[in-house]
Ligand code: ARG
């Protein structure tokens, strides 16, 4: 039994039915569908279309259906094309012909757009919480490592010393931006399509502002044609998810690299590493590789929906049924990855000595040039002189800090002055301007990060 059988005298072909039905995935909108119907029933009552007694009967029928979904006892029927049909069919079984009044002035077009927005509005805080979990792990680790030195890289070549805390926090801020983007998305999602009918609006005196308020939306959608076709919120959600996935992928790539024998900066705990079926010695960072891999899938979900939306005539088109699965999948993916990455980071072993020995004296070449700058040499000239020293050391096969008196003199430098220049701690301590890697600047960064994190938690 479909919701549209009147003008048809044959049943839909079974294969066509399978293509058309969305129940396999939109059953996840059950709670939202029942909640939306409850508010709609109240709006119909307020508009004089349901008596108080009729409303009461419908409302308690819907309440019982919600309990069936909650308790896992709701039984779907063969003819349930989608979740909206299933709920209306079940209401009919409970309240008889009266159930037929619920769909007055409403279409599945405004109904599904409403349910879907409700689902996204509920997913946003859950995602925020998962992001906060990873952020606080990074923050806790950073607090423990404000004085731990490691090589910093550009082009994946050793560049300048940084603190581990600073590196960890470089992965905190992208997640903060993800959270801010998702929080911002709320306002464009909380615009209510219900009361727009199929496309033209509803022919009954429904107070859409009150309806929006009842459903926790900020305002009713201002144009009924746009309201039933607008999936910007879904595309934006997928963009936020894809970009978040890319942030997690970049963190993961570093983790894969830094846990290799060649780097050995970190070691994963057994609870967050996997083995090889063939090579007994292997301890693999699969979970980070999966996070890296899933960023590709997340990007695909975004691209998929954008292409589905492109070129659609305005108003509702059945293509729009393709909107839900990517959003559900993206939300599930992130909520699966985030706690795992947090757990892996929280339980890993840090090897400060490996990071310290990876800082060779050439990482302080810039410090040497800046030492010359402090003596009044213009930076460009200092850069050239230091480059000559680097070359001299390479030719001699010695460290930059091992050049002899005569080498330094040739550059107009006093060997005795240079000792502190090659101290990596002194190097990081100099980067004390806001945003730099000096332990003092990082402590301030940590304070700011804590404030941002607390704000997210509603404080
Ligand atoms: N299952 C549909 C969807 O998800 C519900 C809306 C159906 N509307 C229609 N005119 N057939 O988009």
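The values are calculated or read from the model by the stated rules, or taken from the named source; none is laboratory data. Only a predicted model underlies this, so the values are computations on that prediction, with no experimental measurement involved. Don't worry about glycine lacking a Cβ; one is built from the backbone with ideal geometry, like all the others, and counts go over all protein chains shown.
I'm trying to understand the selection: among the residues of the stretch 259-301, which are over 17 Å from residue 343 (Cα atoms) and in a helix (DSSP H, G or I)?
Selection gives 293, 294, 295, 296, 297, 298, 299, 300, 301.
Being more than 21 Å from the chain's Cα centre (by Cα), in a helix (DSSP H, G or I) and more than 16 Å from the ligand (Cβ to nearest atom) is the filter here; which residues of the stretch 100-140 pass it? Before the answer, list the steps.
The initial filter retains those residues of the stretch 100-140 that are more than 21 Å from the chain's Cα centre (by Cα), namely 100-115.
Adding the requirement that they be in a helix (DSSP H, G or I) leaves 100-101, 108-115.
Residues satisfying the conditions are 100, 101.
Working only within the stretch 78-94, note down all residues that are in a loop (DSSP other than H, G, I, E, B), in contact (Cβ under 8 Å) with a residue 24 or more places away in the chain and over 19 Å from residue 114 (Cα atoms).
Quick first cut of the stretch 78-94, residues in a loop (DSSP other than H, G, I, E, B) only: 78-82.
Filter once more, so that each one left must be in contact (Cβ under 8 Å) with a residue 24 or more places away in the chain: 79-82.
Across the stretch 78-94, the qualifying residues are 79, 80.
Taking the stretch 214-246, which residues are touching a helix residue (DSSP H, G or I) at 6+ places or on another chain (Cβ under 8 Å) and part of a loop (DSSP other than H, G, I, E, B)?
215, 216, 217, 218, 221, 230, 231, listed by residue number.
Which one is farthest from the ligand (Cβ to nearest atom), of the residues in the stretch 277-307 that are surrounded by 21 or more Cβ atoms within 10 Å (Cβ to Cβ) and over 30 Å from residue 348 (Cβ atoms)?
By that ranking, first place goes to 302.
For the structure I just gave you, tell me whether residue 395 is within 30 Å of residue 169 (Cβ to Cβ), free of Cβ contacts under 8 Å to residues at least 12 places away in the same chain and in a helix (DSSP H, G or I). So that I can check it myself, show each step before the final result.
On the way: within 30 Å of residue 169 (Cβ to Cβ): no; free of Cβ contacts under 8 Å to residues at least 12 places away in the same chain: yes; in a helix (DSSP H, G or I): yes.
So residue 395 does not fit the description; no.
Does any residue of the stretch 37-56 turn out to be within 16 Å of the ligand (Cβ to nearest atom), closer than 22 Å to residue 321 by Cβ and either surrounded by fewer than 17 Cβ atoms within 10 Å (Cβ to Cβ) or in contact (Cβ under 8 Å) with a residue 24 or more places away in the chain (or both)? Reasoning before the result, please.
Within the stretch 37-56, the first condition is being within 16 Å of the ligand (Cβ to nearest atom), and the residues that meet it are 37, 40.
If we keep only those that are closer than 22 Å to residue 321 by Cβ as well, we get 37, 40.
Filter once more, keeping what is either surrounded by fewer than 17 Cβ atoms within 10 Å (Cβ to Cβ) or in contact (Cβ under 8 Å) with a residue 24 or more places away in the chain (or both): 37, 40.
Yes, there is a match, as at least one residue in the stretch 37-56 is within 16 Å of the ligand (Cβ to nearest atom), closer than 22 Å to residue 321 by Cβ and either surrounded by fewer than 17 Cβ atoms within 10 Å (Cβ to Cβ) or in contact (Cβ under 8 Å) with a residue 24 or more places away in the chain (or both).
Check whether at least one residue in the stretch 75-93 is under 21 Å from residue 208 (Cα atoms), over 38 Å from the mean Cα position of the chain (by Cα) and away from the ligand (no atom under 16 Å from the Cβ), and report yes or no. Give the steps one after another, and end with the answer.
Step one: filter the stretch 75-93 for residues under 21 Å from residue 208 (Cα atoms), giving 84.
Next cut, over 38 Å from the mean Cα position of the chain (by Cα) only: none.
Scanning the stretch 75-93 turns up no residue that is under 21 Å from residue 208 (Cα atoms), over 38 Å from the mean Cα position of the chain (by Cα) and away from the ligand (no atom under 16 Å from the Cβ).
Over 23 Å from residue 123 (Cα atoms), touching a strand residue (DSSP E or B) at 6+ places or on another chain (Cβ under 9 Å) and either without any contact (Cβ under 8 Å) to a residue 60 or more places away in the chain or buried (at least 21 other Cβ atoms within 10 Å of the Cβ) (or both): is that true of residue 310 in this structure? Full working, then the answer.
Details: over 23 Å from residue 123 (Cα atoms): yes; touching a strand residue (DSSP E or B) at 6+ places or on another chain (Cβ under 9 Å): no; either without any contact (Cβ under 8 Å) to a residue 60 or more places away in the chain or buried (at least 21 other Cβ atoms within 10 Å of the Cβ) (or both): yes.
Taking the combined requirement at face value, the residue does not satisfy it.
Does residue 227 meet the test of being more than 17 Å from residue 46 (Cβ to Cβ), touching a residue at least 24 places away in the same chain (Cβ under 8 Å), crowded, with 22+ Cβ neighbours inside 10 Å and in contact with a strand residue (DSSP E or B) (Cβ under 9 Å, 6 or more places away or on another chain)?
For residue 227, the condition - more than 17 Å from residue 46 (Cβ to Cβ), touching a residue at least 24 places away in the same chain (Cβ under 8 Å), crowded, with 22+ Cβ neighbours inside 10 Å and in contact with a strand residue (DSSP E or B) (Cβ under 9 Å, 6 or more places away or on another chain) - is met.
Can you tell me which residue in the stretch 329-345 is nearest to the ligand (Cβ to nearest atom), limited to those that are buried (at least 17 other Cβ atoms within 10 Å of the Cβ) and over 15 Å from residue 293 (Cα atoms)?
Restricting to residues being buried (at least 17 other Cβ atoms within 10 Å of the Cβ) and over 15 Å from residue 293 (Cα atoms), the top hit is 331.
Looking at the stretch 187-208, which of the residues that are in a helix (DSSP H, G or I) and under 28 Å from the mean Cα position of the chain (by Cα) is farthest from the ligand (Cβ to nearest atom)?
Checking each candidate, the answer is 187.
Just to be sure, is residue 29 under 26 Å from the mean Cα position of the chain (by Cα) and at negative phi? Can you show your working first?
Numbers: under 26 Å from the mean Cα position of the chain (by Cα): yes; at negative phi: yes.
Spelling it out, residue 29 is indeed under 26 Å from the mean Cα position of the chain (by Cα) and at negative phi.
Against the definition (over 17 Å from the mean Cα position of the chain (by Cα), at pLDDT 95 or above and not in a helix (DSSP H, G or I)), how does residue 211 come out, yes or no? Break it down stepwise before answering.
Working: over 17 Å from the mean Cα position of the chain (by Cα): yes; at pLDDT 95 or above: yes; not in a helix (DSSP H, G or I): no.
No: the conditions fail for residue 211.
Select, from 438, 426, 406, the only residue that is surrounded by fewer than 17 Cβ atoms within 10 Å (Cβ to Cβ) and under 26 Å from residue 147 (Cα atoms). Talk me through it step by step, then tell me what you get.
On the way: 438 fails: surrounded by fewer than 17 Cβ atoms within 10 Å (Cβ to Cβ); 406 fails: under 26 Å from residue 147 (Cα atoms).
The conditions single out 426.
Kindly indicate whether residue 29 is within 16 Å of the ligand (Cβ to nearest atom), in a helix (DSSP H, G or I) and farther than 25 Å from residue 202 by Cα.
Details: within 16 Å of the ligand (Cβ to nearest atom): yes; in a helix (DSSP H, G or I): yes; farther than 25 Å from residue 202 by Cα: no.
Considered against the rule, which asks whether it is within 16 Å of the ligand (Cβ to nearest atom), in a helix (DSSP H, G or I) and farther than 25 Å from residue 202 by Cα, residue 29 comes out as no.
Can you confirm whether residue 319 is under 18 Å from the mean Cα position of the chain (by Cα), without any contact (Cβ under 8 Å) to a residue 24 or more places away in the chain, within 22 Å of residue 233 (Cα to Cα) and part of a helix (DSSP H, G or I)?
Criteria not met by residue 319.
So how many residues does the stretch 336-378 have that are closer than 30 Å to residue 271 by Cβ and either in contact with a helix residue (DSSP H, G or I) (Cβ under 8 Å, 6 or more places away or on another chain) or assigned to a helix (DSSP H, G or I) (or both)?
Taking the stretch 336-378 as the starting set, the residues that turn out to be closer than 30 Å to residue 271 by Cβ are 336-358.
Cutting the leftovers down to either in contact with a helix residue (DSSP H, G or I) (Cβ under 8 Å, 6 or more places away or on another chain) or assigned to a helix (DSSP H, G or I) (or both) gives us 336-348, 350, 352-357.
Total meeting the criteria: 20.
Residue by residue through the stretch 403-419, note down the ones that are without any contact (Cβ under 8 Å) to a residue 24 or more places away in the chain and assigned to a helix (DSSP H, G or I). Show your work before the answer.
So in the stretch 403-419, the residues without any contact (Cβ under 8 Å) to a residue 24 or more places away in the chain come out as 403-410, 414-416, 419.
Residues satisfying the conditions are 405, 406, 407, 408, 409, 410, 415, 416, 419.
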